[in-house]
Amino acid sequence: MKTSGVLLLLIPALAVAADLPPLKKTELATVLALQREISTSNPSESSYFVRVFEAPVEIGECGGSIASCPDVRLLISASTGDLLDTPVLYELPRAKGWQFVRWLPPDDARATGLVVRTELPEANIDPDERGKWHSTECSVWITTEKARMECK
């Protein structure tokens, strides 16, 4: 009779099926669904593990004018990579688009530096509008305690 107990342990657990309701976090859902990683720091060259993401605030296209284009968020996460270390997240001001330019060497505070530039979407902007637009380049310095940004 002892073998019957062993047989019960060998029978796999029954699968359970259930409906999963969608989370009511539309901002998080939009960021996760639309985000695109545009760069990741090289841990051997940086004090922090930094990832850079752009995420449109909505699904849409430009309709001729620059103002008609959806805004894009630039999100930067940073962590030391240590276990139990909670990453931090920073957001730059919204723009019509973002482009990663380059990584900078760490500064005196061991912050990880990067350069990003605002950009316009490729399509559906009138040539006159496009000709009036100027990009802005920003240097960003990141640690897990703070970040600073300088744009020109």
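Values quoted throughout were computed directly from the atomic coordinates according to the rules given, and no laboratory measurement underlies them. Just so you know, these numbers come straight off a predicted model, no measurement behind them. Using ideal geometry, Cβ is built from the backbone for each residue, glycine included, and neighbour counts are taken over all protein chains shown.
Summing charges over neighbours of residue 60, with a neighbour being any other residue whose Cβ is under 12 Å away from its Cβ, gives -2 when K and R count +1 and D and E count -1. You can think of it this way: the chain between residue 35 and residue 61 has 7.8 nm of extra reach, that is 0.36 nm per residue less the Cα-Cα gap. In this structure, the amide hydrogen of residue 35, modeled 1.01 Å from its nitrogen in the peptide plane, lies closer than 5 angstrom to no residue at least 5 positions away or on a different chain. For the pair segment 14-34 / segment 99-152, the C-alpha centres are spaced 32 Å from each other. Sorted fewest first by neighbouring Cβ atoms within 10 angstrom, 28, 20, 120 come out as 20, 28, 120.
Among the listed pairs 25/132; 25/96; 24/146; 24/96, a Cα-Cα separation exceeding 32 Å is found for 25/132.
A cut-off of 5 Å between modelled amide H atoms, ignoring neighbours fewer than 5 places along the same chain, links residue 101 with 115, 116, 117. Relative contact order of segment 67-141, taken over Cα pairs closer than 8 Å and 6 or more residues apart, is 24 percent.
With R₀ fixed at 41 Å, the C-beta to C-beta distance from residue 149 to residue 14 puts the FRET efficiency at about 0.15. Considering only alpha-carbon pairs that sit under 8 angstrom and 6 or more positions apart, the relative contact order computed for segment 25-151 is 20 percent. Exposure proxy shown here: for 69, 151, 138, the number of other Cβ atoms within 10 Å sets the order, fewest to most, as 151, 138, 69.
Exposure proxy ranking for 68, 46, 77, based on other Cβ atoms within 10 angstrom of each Cβ and starting from the fewest, stands as 68, 77, 46. The phi torsions of segment 33-40, fed into the Karplus equation with coefficients 6.51, -1.76 and 1.60 and a -60° offset, translate into couplings of 6, 9, 5, 9, 6, 9, 5, 9 Hz, rounded to whole numbers, with Gly and Pro shown as x.
Around the Cα centre of segment 25-151, unit charges on the Cβ atoms of Lys, Arg, Asp and Glu (plus for the first two, minus for the last two) sum to a dipole of about 80 debye. Helical content of the chain, expressed as a calculated mean residue ellipticity at 222 nm, amounts to -4000 deg cm²/dmol (DSSP H runs of 4 or more residues, -39,500 (n - 2.57) each, divided by residue number, nearest 500).
A dipole drawn for the chain from +1 and -1 charges on Cβ atoms has a positive end, and of 86, 151, 98 the residue lying farthest that way is 86.
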